[in-house]
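The values are calculated or read from the model by the stated rules, or taken from the named source; none is laboratory data. A quick note: this is a predicted structure, and the numbers were derived from the prediction, not measured. Here Cβ is always computed from backbone atoms with ideal geometry, including for glycine, and neighbour counts include all displayed protein chains.
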Amino acid sequence: MYGRCGVPVYLLLDMREQTATVFWRPSERGHNARLTTPFGEPLRIPEPFGCDLDTSGFKTSAEGDGEPDGAED
């Protein structure tokens, strides 16, 4: 949907799977390119942003409490 509307870059964070996916190259059929990286590894965000996203802050603890690592009450 976002690609069909011309959104150049779309970022999806999957907290359950602990992955980050970036979609780019919008077209009438959606986005034509995507890259998925597990949390903890950098994710390259293409132009017009052209940067690396540090995904380590999105990781949740091994206990599965849903809180990011290092989160305090």
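Results for (1) at pLDDT 95 or above; (2) hydrophobic (A, V, I, L, M, F, W, C); (3) surrounded by 11 or more Cβ atoms within 10 Å (Cβ to Cβ); (4) in contact with a Lys or Arg (Cβ under 9 Å, 6 or more places away or on another chain), shown as yes or no for each residue.
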{"position": "Gly30", "(1), (2), (3), (4)": "no, no, yes, yes"}
{"position": "Thr36", "(1), (2), (3), (4)": "yes, no, yes, no"}
{"position": "Glu41", "(1), (2), (3), (4)": "yes, no, yes, no"}
{"position": "Arg44", "(1), (2), (3), (4)": "yes, no, yes, no"}
{"position": "Cys51", "(1), (2), (3), (4)": "yes, yes, yes, yes"}
{"position": "Asp54", "(1), (2), (3), (4)": "yes, no, yes, no"}
{"position": "Phe58", "(1), (2), (3), (4)": "no, yes, yes, no"}
{"position": "Asp65", "(1), (2), (3), (4)": "no, no, no, no"}
{"position": "Ala71", "(1), (2), (3), (4)": "no, yes, yes, no"}
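The number of residues in region 1-51 being assigned to a strand (DSSP E or B) and of a type outside the set (Phe, Trp, Tyr) comes to 25.
Scanning region 1-32 for residues that are within 17 Å of Leu53 (Cα to Cα) and either in contact with a Cys (Cβ under 7 Å, 6 or more places away or on another chain) or among the hydrophobic types (A, V, I, L, M, F, W, C) (or both) yields Val9, Leu11, Leu12, Leu13, Met15, Ala20, Val22, Phe23, Trp24.
Condition check: modelled with pLDDT of 95 or more, of a type outside the set (Ser, Thr, Tyr), out of contact with any Ser or Thr (no Cβ under 7 Å at 6 or more places or on another chain) and loosely packed, with under 14 Cβ neighbours inside 10 Å. Does Arg4 satisfy that? When the stated conditions are applied, Arg4 does not pass them. Inside region 6-24, residues that are farther than 23 Å from Thr60 by Cβ and without any contact (Cβ under 8 Å) to a residue 12 or more places away in the chain make up a count of 0.
Taking region 7-58 as the range and being out of contact with any Ser or Thr (no Cβ under 8 Å at 6 or more places or on another chain) and acidic (Asp, Glu) as the test, the residues that pass are Glu17, Glu28, Glu47, Asp52, Asp54.
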